[in-house]
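Here's the structure, in structure tokens; my notes come after.
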2 protein chains.
Amino acid sequence: MASNSQFAVALHILTIIAKNNGEMVKSEYIADSVNTNAVVIRRLLCNLQEANLVASQKGATGGTRLSKSAEEISLNDIYEAVAHGDVFSLHPSKPNQDCPVGKNIESVLCNLQKIIDRTIEEKLVKYSLAEIIKFIDEGGEIKFT
Amino acid sequence: MASNSQFAVALHILTIIAKNNGEMVKSEYIADSVNTNAVVIRRLLCNLQEANLVASQKGATGGTRLSKSAEEISLNDIYEAVAHGDVFSLHPSKPNQDCPVGKNIESVLCNLQKIIDRTIEEKLVKYSLAEIIKFIDEGGEIKFT
DNA sequence: GCATTTGTATCAACAAATGTTACAAAGTAA
DNA sequence: TTACTTTGTAACATTTGTTGATACAAATGC
């Protein structure tokens with residue numbers, strides 16, 4: 001399939017909104033920067049609303065703004081708002097339960113999934129949207145530690 | 001799509017092979033435990049061979065065995081052998097380069113990708129195939145730390 | 001009322017994973 | 001050599017998820 005770019009686009013969306021301090025930003029404007037259709041943006045904005053990162057308003061003067069400050073939004077907040085899947089999937093078909101390996105491998109894999117998810121979370125929680133904006137504003141080579 | 005279960009199946013494959021100390025294991029036998037087609041297994045075995053984790057042999061007495069000990073194979077070795085993609089993808093279409101955010105967001109995202117990849121790698125390298133086998137043999141609730 | 005924008009449904013196009021069949025290549029054993 | 005077995009690989013259908021696009025209802029402000 002076309003692989004999942006929702007986190008990338010969501011970060012892009014939030015960066016643009018954050019840089020328009022308090023002003024309502026329209027989905028068409030964001031779509032022009034992301035270079036995609038406005039519906040794609042609005043779909044992601046719905047996820048970001050559910051996670052309480054942004055608030056939207058309909059109507060002629062509508063749009064979307066942050067519902068908390070860029071300092072209060074971590075990359076993990078964004079990741080959780082849009083990322084549904086795990087880093088890897090379990091078996092497509094249930095393993096053979098008559099085989100000792102097949103019988104027990106799934107619980108091992110489940111634990112591994114959790115470990116990896118937690119590891120990513122612990123890393124992403126260290127970065128805020130505000131830091132991303134700073135990197136963007138500086139323009140050049142960005143080095144995360 | 002059907003999301004990627006290659007790491008899960010690869011770990012399953014290696015566990016089975018490792019538990020057959022030195023004996024050649026046939027792809028049909030593995031496929032029976034994984035509950036899939038033998039060609040799916042052989043495709044993954046090719047990746048594991050390229051990573052020098054296993055060695056296969058054709059012919060009537062053929063099959064596959066480990067090419068190093070289970071203690072020497074880390075989960076990261078397995079992950080790298082089969083995982084092609086990143087945790088998230090970049091923009092489907094190139095962002096608008098006339099927008100300051102669009103112009104610089106990609107390098108930020110690239111760096112983020114690398115950070116997450118490295119984080120996963122650092123975690124997976126801590127576990128060996130031998131430990132997985134021990135968990136499998138113990139059967140019950142496995143707790144990684 | 002009218003224009004604008006979000007929210008959502010629906011659909012087509014595309015890409016990746018999986019499962020399947022088929023068969024060549026390589027090796028064993030008689 | 002011949003027959004048999006197994007890996008390696010190509011080719012294809014199926015399924016599923018993502019993206020992009022059109023359409024339109026609901027909400028909002030003028």
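Every number here is computed from the coordinates shown, using simple stated rules; none is lab data. Source: prediction; values computed, not measured. Cβ placement follows ideal geometry from the backbone for every residue including glycine, while neighbour counts extend to all protein chains displayed.
Some observations on this one:
- Teacher prompt: B:N20 distances to equivalent labels in other copies, 7 Å Cα→Cβ, nm: 6.1
- Among the trypsin sites (Lys or Arg not before Pro) in region B:72-132, those located in a DSSP loop and surrounded by at most 16 other Cβ atoms within 10 Å of their own Cβ are B:K126.
- Magnitude of the charge dipole for the protein assembly as shown, about its Cα centre and with charges confined to Cβ atoms of Lys, Arg (+1) and Asp, Glu (-1), is about 400 debye.
- When the helices of the protein assembly as shown are scored as -39500 (n - 2.57) per DSSP H run of n ≥ 4 and the total is divided over every residue, the value at 222 nm lands at -17000 deg cm²/dmol.
- Entries of A:K123/B:K134; A:K19/B:K94; A:K26/B:K103; A:K58/A:K126; B:K26/B:K68 with Cα pairs more than 24 Å apart: A:K123/B:K134; A:K58/A:K126
- Taking Cα atoms only, the orientation of helix B:100-124 departs from the longest principal axis of chain B by about 20 degrees.
- Overall, region B:1-71 carries a charge dipole of about 120 debye about its Cα centre when +1 sits on the Cβ of Lys and Arg and -1 on the Cβ of Asp and Glu, all other atoms neutral.
- Simple rule: put +1 on each Lys or Arg Cβ and -1 on each Asp or Glu Cβ in region B:36-102, find the dipole, and look at B:H84, B:L45, B:G102; the Cα lying farthest toward the positive end is B:L45.
- Stretch in chain A that is longest and holds no GluC sites (Glu not before Pro) that DSSP places in a loop and that have at most 11 other beta carbons within 10 Å: A:24-140
- The distance linking region A:1-55 with region B:98-128 is 20 Å (Cα centroid to Cα centroid, whole angstrom).
- Shape call, region A:50-91: gyration tensor on alpha carbons, a/c limit 1.5: oblate
- Residue mean of other protein chain beta carbons inside 10 Å, A:125-134: 1
- Compared with the dominant principal axis of the Cα atoms in chain A, helix A:129-138 is inclined by about 60°.
- Cα-based Rg and Dmax for the protein assembly as shown, where Dmax is the largest Cα-Cα distance (Å): 22.5, 75
- With label points defined 7 Å past Cα in the direction of Cβ, position B:N111 shows copy-to-copy spacings of 3.7 nm, given to one decimal and shortest first.
- Note on chain A: with charges restricted to the Cβ of Lys and Arg (+1) and Asp and Glu (-1), its dipole about the Cα centre is near 260 debye.
- Label point 7 Å beyond Cα along the C-beta direction, distances from A:S67 to other copies (nm, shortest first): 5.4
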